[in-house]
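Read the structure below first, then the notes.
What follows draws every value from the coordinates through simple rules; no lab data is involved. Quick caveat, the model's predicted, so the values are computed rather than measured. Cβ atoms come from the backbone with ideal geometry, glycine included; neighbour counts cover every protein chain shown.
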Amino acid sequence: MKVVICIGSSCHLKGSRQIVERLQALVQEKGLEDKVELGGTFCMGDCVNGVNVTVDGVKHSVSPETVDAFFEKEILAKVQ
Ligand code: FES
């Protein structure tokens, strides 16, 4: 599974760095390093909906407040 977080300037201002760090921690906590590949990308051209995160190409709008729920629903639930 490939998870790509937008680190463009607009998404950065909305907390993409916290989201990256939280996702890294959660992936490690659940031992999913072999299954989940985290990456970053520059502006996805959809700043209004940022922070944008794609999971196998499907775009989601995530914030530092919703990152845990996002991880459970879109990553943990689908990866096994
Ligand atoms: S900076 Fe993330 S979509 Fe533009």
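Some observations on this one:
- Mean projection of the Cα convex hull over all viewing directions, computed for the range 4-49: 3.1 nm².
- With both labels modelled 7 Å from their Cα along Cα-to-Cβ, the Glu37 to Ser61 distance reads 2.9 nm.
- Once both labels are positioned 7 Å from their Cα atoms along Cα-to-Cβ, the gap between Ala25 and Lys2 label points is 2.8 nm.
- Cα-based reach from Lys35 at 26 Å (exclusive), listing lysines while leaving out same-chain residues under 8 positions away: Lys2, Lys59, Lys73, Lys78
- Counting only residues at least eight positions apart within a chain, or on another chain, the aspartates and glutamates with an alpha carbon under 18 Å from that of Lys14 are Asp46, Glu65, Asp68.
- Its relative contact order, with pairs defined as Cα atoms under 8 Å and 6+ residues apart, puts the chain at 42 percent.
- Helix 16-29 vs. the chain, principal-axis angle (Cα, 0 to 90°, nearest 10): 0
- Whole-Å distance, taken between Cα centres, linking the range 34-74 and the range 1-20: 7
- Longest to shortest principal axis, alpha-carbon extents of the chain, angstrom: 31, 21, 17
- Sum of -39500 (n - 2.57) over DSSP H runs of 4+, divided by residues of the chain (222 nm, nearest 500): -7500 deg cm²/dmol
- For trypsin sites (Lys or Arg not before Pro), the sites in the range 1-47 that DSSP calls loop and that have at most 16 other Cβ atoms within 10 Å are Lys30, Lys35.
- Under the Karplus curve 6.51 cos²θ - 1.76 cosθ + 1.60, θ = phi - 60°, whole-Hz ³J(HN,Hα) for the range 3-11, x wherever Gly or Pro sits: 10, 10, 9, 6, 10, x, 5, 5, 5
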